[in-house]
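Below you'll find the structure, written out as structure tokens, and then a few comments.
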Amino acid sequence: MYKRSPRWQKHVVTLLGNVSWEPIFSEFDASAVDHTVWVDKREYLVNSSYRLNLWDTLRRRGFGIAIAPSRTRPLLLDDLCMLAAAPLRNMGSANTHIHSRWNQISDALYQQVFTPSDTTVHEFDFNAQFTAWASGLRYEGHRPRIDSRFDKPDPNPYIVCFVGASVRSRRWPVKRWIEFIDLYRRHYSSRVVLAGHTAAEVEMARAIRERTGTESIAGTASLLEFLRWVAGAEAVLTNDTMAAHLSATVNRPTVIIANGVHYTRFSEYSTAGIENVMTVYPDVFNRMRKRSARVSYNYPDAVSADIASIKASAVFETLQTVLNISSSAIPHG
């Protein structure tokens, strides 16, 4: 969008990006920018030499303007990199950390600050609003999409279960996944394929596979390979992770098992006009939401027992609903 914008058409556009997403960016979006600088976030946070080298690289590029689109912007990463680059101009989104003082410090660093029309708007809509504000061009779609046809990694029908999440309070436990797979197999003949990336997710997949005999690509599939598995799946079940966003991007029927943290931003897809992605929440969260309406629900508000309380039967019923919606209204592709 930025390279096509009359506002920036005479500028050289450089992306400062998370190296985790480099394979997908290089495959589908490389033409969107002129140059890239990739950051290993884990290395950045623990290695001072790595940080200094990155900051030196940014300073030497001599950027005229820096645009910081992150909605929740880490001061130690996004803001310090912006300061290191020392651009003549800068613009960014109003920060949304739970600590208001951090947001005040962060926002004060920027000459222009974007505030969305609704602080509870879904991330997809926020990204579209910010891009329109920063570039002058509006994204016409109602969801991100990858315009590509994928070869299915397996011609036989299957569903993908992405187990685990970055923090324990967001992980549906192994016992529940096993219960779901047993229930699913009583009603459907399609294969179940387990997926995951981190060491914790690989271990969860191993434990589930031992009990159920399911196939697992956890820890072995690259990000691009995983995307192809997702694109070819009859449905995707996942905790609130990047797998949910990838699945929505390739228009797959998706069930998210979530604890409710930041639900308006990441798991309420219907508010963004996406009907074939549905979320199952714990009863304790559903009761809270009835009392409080659409309010922020932050990490300190959730514990592991919340998501563990979600029953396999509730997830299975939601999957059936999503599959019915998709078969009647949304074509594959």
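The values are calculated or read from the model by the stated rules, or taken from the named source; none is laboratory data. In this text, all values refer to a predicted model and were calculated from it rather than measured experimentally. All Cβ positions, glycine included, derive from the backbone under ideal geometry; neighbour counts span all protein chains shown.
The rows are residues; the columns are (1) aliphatic (A, V, I, L, M); (2) outside any helix (DSSP H, G or I).
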{"site": "Asn103", "(1), (2)": "no, no"}
{"site": "Gly141", "(1), (2)": "no, yes"}
{"site": "Val160", "(1), (2)": "yes, yes"}
{"site": "His197", "(1), (2)": "no, yes"}
**Q.** Checklist (1) surrounded by fewer than 18 Cβ atoms within 10 Å (Cβ to Cβ); (2) over 22 Å from the mean Cα position of the chain (by Cα); (3) within 30 Å of Val284 (Cα to Cα) applied to Ala200, failing item
**A.** (2)
Q. Residues of region 34-52 being hydroxyl-bearing (Ser, Thr, Tyr) and either in a loop (DSSP other than H, G, I, E, B) or surrounded by 12 or more Cβ atoms within 10 Å (Cβ to Cβ) (or both), which ones?
A. Thr36, Tyr44, Tyr50
Q) If you take the residues in region 232-251 that are among the aliphatic types (A, V, I, L, M) and closer than 19 Å to Val174 by Cβ, which one is surrounded by the most Cβ atoms within 10 Å (Cβ to Cβ)? A) Leu237
Q | region 68-89: number of residues that are more than 25 Å from Ser48 (Cα to Cα) and part of a strand (DSSP E or B) | A | 1
Q) Looking only at residues in region 132-177 that are among the charged types (D, E, K, R), under 20 Å from the mean Cα position of the chain (by Cα) and closer than 30 Å to Arg7 by Cα, which one is surrounded by the fewest Cβ atoms within 10 Å (Cβ to Cβ)? A) Asp147
Q. Taking region 83-115 as the region of interest, how many residues are under 12 Å from Ser70 (Cα atoms) and modelled with pLDDT under 90?
A. 2
Q) Restricting the search to region 1-33, which residues are in a loop (DSSP other than H, G, I, E, B) and closer than 25 Å to Gly141 by Cα? A) Met1, Tyr2, Lys3, Arg4, Ser5, Pro6, Arg7, Trp8, Gln9, Val13, Asp29, Val33
Q. Yes or no: Ala314 under 25 Å from Gly141 (Cα atoms) and in contact with a strand residue (DSSP E or B) (Cβ under 6 Å, 6 or more places away or on another chain)?
A. no
Q: May I ask you to say which residue of Tyr184, Tyr158 is in contact with a Ser or Thr (Cβ under 6 Å, 6 or more places away or on another chain) and over 30 Å from Val12 (Cβ atoms)?
A: Tyr158
**Q.** Which numbered condition Ile256 fails, given (1) under 25 Å from Asp306 (Cα atoms); (2) part of a helix (DSSP H, G or I); (3) at pLDDT 95 or above
**A.** (2)
Q: Confirm whether Glu275 is in a loop (DSSP other than H, G, I, E, B), modelled with pLDDT of 85 or more and either in the same structural domain as Gly164 (by TED's automatic domain parsing) or surrounded by 21 or more Cβ atoms within 10 Å (Cβ to Cβ) (or both).
A: yes
Q. Which members of region 52-69 meet the condition of being hydrophobic (A, V, I, L, M, F, W, C) and under 28 Å from the mean Cα position of the chain (by Cα)?
A. Leu54, Trp55, Leu58, Ile65, Ala66, Ile67, Ala68
Q: Being more than 21 Å from the chain's Cα centre (by Cα), modelled with pLDDT under 90 and assigned to a loop (DSSP other than H, G, I, E, B) is the filter here, so list the residues in region 304-333 that pass it.
A: Ile330, Pro331, His332
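Residue-wise test of (1) in contact with a Pro (Cβ under 8 Å, 6 or more places away or on another chain); (2) modelled with pLDDT of 95 or more; (3) over 23 Å from Ala302 (Cβ atoms); (4) not assigned by TED's automatic domain parsing to the domain that holds Val255.
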| residue | (1), (2), (3), (4) |
| --- | --- |
| Arg168 | no, no, no, no |
| Arg171 | no, no, no, no |
| Val174 | no, yes, no, no |
| Asp182 | no, yes, yes, no |
| Thr198 | no, no, no, no |
Q | Val46 vs. criteria at pLDDT 95 or above, closer than 29 Å to Thr119 by Cβ, assigned by TED's automatic domain parsing to the domain that holds Asn103 and hydrophobic (A, V, I, L, M, F, W, C) | A | no
